[in-house]
Structures are given as C-alpha cells and as structure tokens.
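This report concerns only the one structure given below.
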Amino acid sequence: MNWLDLPPLTALRAFAAFAETGSVVDAGAALNVSHAAVSQQLRALEAHMGATLLDRSGRAMKLTVEGQQLAEALRTGFGAIAHSVETITGADAARPLHITTTPLFASAWLMPQMSAFHAAHPGTNLILSTSPEIQALEPGGIDVAIRYGSGVWPGLESECLFTSPMVLVGAPSLVGDEPVRDMSALSRFPVLQDGGLSEVNRWLKDAGVLDGRDSTSIQLPGNLLLDAVRDGQGVAVVIRTFVEQDLKANRLRLLYTHDTGKGYHVVTRPGVLRPVARVFVKWLRTQLRLSDPLTKS
C-alpha cells in the first residue's frame, strides 16, 4: 500500500490513544478533544479500512484481533517517529546511553575497558544491561546491543566487531602435558559451565558434546568462570579471544578449537544513531583494535 492511501492521521492518532489508554474518555483527554470526537474518529477509521477494530459487545470496548495488530504497528511507527524527532531536535540528548550485551562479553572484555571510555568521555551517563537474550531495541530504549552470532538479526542492523572460535581450555596443573586434540577432555575432567544461557552453552547444546558424559559438571556465574578455569577447578569451553593472553602466558592450555565462524556484533535499529551512541560505537571499534583481539573483523 502506498503511504498516501493510509487512513487519516487524526483517525490513527485517536485509535492509538484509545489502544494506549483503553478508554475513549482518557484518549480524548490525551489528545485534548472530546470523547465524542474520539468515538467518531474510531468509527471513521473502521469504515475507511472496512474492518472491525473494536469489540463493542461488552460494557467496555475492547480491541479485536485486527485492532491489536494495528495497535502494535502504530505503537512501533509512532514510536519511531517520536524517536527521530527527539534525535533531530536533541530532545533526548540527556537520556543515558543504554547498552545491552551478554554476561560473558561484559565480564571478560567490556567492564575492564569501561574506565578507558569514561576517561575519554567524562560525564557520559550509561546504563549497562546484561542478558543472554536479544532484547527489544525500541525507540527511546536500548541504543546498542553487542551479541555473539552470525550477524543476521531480522529487522536490525549489525556490524561485526571480531570473530573468534570456541576453544576448550584447562590449567596445566589440571590437564598436564598430555596431548588432547578433541573434546574428550570433557569426559576426563570436571567441566565448568556458565550457569546461564550463554553463547557458549548454546553451542554446547546444539553440538551435543555434553550428551552422555560421566564427568562432574560445575555451574557458576559467567563472571567467575574464567577465574575458576585458571585456578584448575575444571576445563571449560570459552571464546578464544577472552583467554588469548592466558594461552600466551601458559596459564591455560589449548585442548581443542572449534571455529564456529561467528563473532561479536554491534546490533542497532535501522537509521541514524544518537550522537552518544555513535561515540560509543566508534570508541568500541578503537578499543578493540588496541586490545588486539585474536581475529579482527
């Protein structure tokens, strides 16, 4: 459909206000018009679309399935418009930069680097959320996500920061000098795992490498896993970049490598980033180059 064929904006605004408030009276108050005017716009919208958007059979009007579908589309569309207006006018300049990433990336790389970011950009307010799941990147919410994967997230834009294989590692004090060229060490030594649904655990589950093994499994928070591996409490599968210095210093032994072809990506909504988000992404690229990841994008 051509956008010129859309229903009148006043009718769409009235419907969005009703969907938000659940009442024609409250919708009228939000729009500074009478509730009768809102009711008229709702009927006009249904007539224009030739669809029943509201269920009037009960004491209070409710959205039909079609009405719910339109309400969600308007929430996204009007939210994007509001975000663009705020960005252009600078109205959201004071809003903190909101970043989300996986617990593993946050603990193993991002948090140790944040003092450098604050030194370079003092006064920048920042919110960091850690979650193994892709969180909704909605206007006015999260600005930047950092995720491990192939780089394909429908409806979002991504830029590869670096790729890195999965590796099985253990402390020399635990695994000794015996050659290991496969995942058999997982059945011979205690296995340390992130207690959450991490990028590593996803791969372990999909690969089925833990199925049927007899060794001890120890689950612990992701921010403690690398220290436990270094202390010789067990072997673990990790992202190689995060243990590269340990391998070079012989604090850990490389037992097996599996190249997934995946890596960490900056994920954002389509369109122009807020100035503070652009600053962070530029700093992120620079800092990663300085820290010399194993494999750059």
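The values are calculated or read from the model by the stated rules, or taken from the named source; none is laboratory data. Source: prediction; values computed, not measured. Don't worry about glycine lacking a Cβ; one is built from the backbone with ideal geometry, like all the others, and counts go over all protein chains shown. Side chains included, ligands, DNA and RNA excluded: accessible areas come from the protein's heavy atoms. Shrake-Rupley method; radii C 1.70, N 1.55, O 1.52, S 1.80 Å.
Determine whether A11 is exposed (fewer than 13 other Cβ atoms within 10 Å of the Cβ) and in a helix (DSSP H, G or I). In short, no. For segment 30-46, residues that are open to solvent by 80 Å² or more (accessible area, probe 1.4 Å) and either in a helix (DSSP H, G or I) or within 19 Å of Q68 (Cβ to Cβ) (or both) total 3.
Suppose we filter segment 127-173 for residues that are among the small types (G, A, S), outside any loop (DSSP other than H, G, I, E, B) and under 25 Å from T76 (Cβ atoms); how many remain?
4
The sole residue among A185, A136 that is open to solvent by 40 Å² or more (accessible area, probe 1.4 Å) and either modelled with pLDDT under 85 or touching a Leu at 6+ places or on another chain (Cβ under 8 Å) (or both) is A136. Select from segment 47-72 the residues that are among the β-branched types (V, I, T) and in a loop (DSSP other than H, G, I, E, B) and list them in ascending order. Correct list: T52, T64. Just to verify a result, which residue in segment 110-126, among those that are touching a residue at least 24 places away in the same chain (Cβ under 8 Å) and assigned to a helix (DSSP H, G or I), is most open to solvent (accessible area, probe 1.4 Å)? By that ranking, first place goes to A120.
Residues in segment 266-291 that are outside any helix (DSSP H, G or I) and more than 17 Å from Q113 (Cβ to Cβ): V267, T268, R269, P270, G271, V272, L273, R274.
Screening I146 with (1) open to solvent by less than 60 Å² (accessible area, probe 1.4 Å); (2) more than 14 Å from the chain's Cα centre (by Cα) gives one miss only, at (2). For segment 221-243, the count of residues that are buried (at least 21 other Cβ atoms within 10 Å of the Cβ), assigned to a strand (DSSP E or B) and touching a Gly at 6+ places or on another chain (Cβ under 8 Å) is nonzero.
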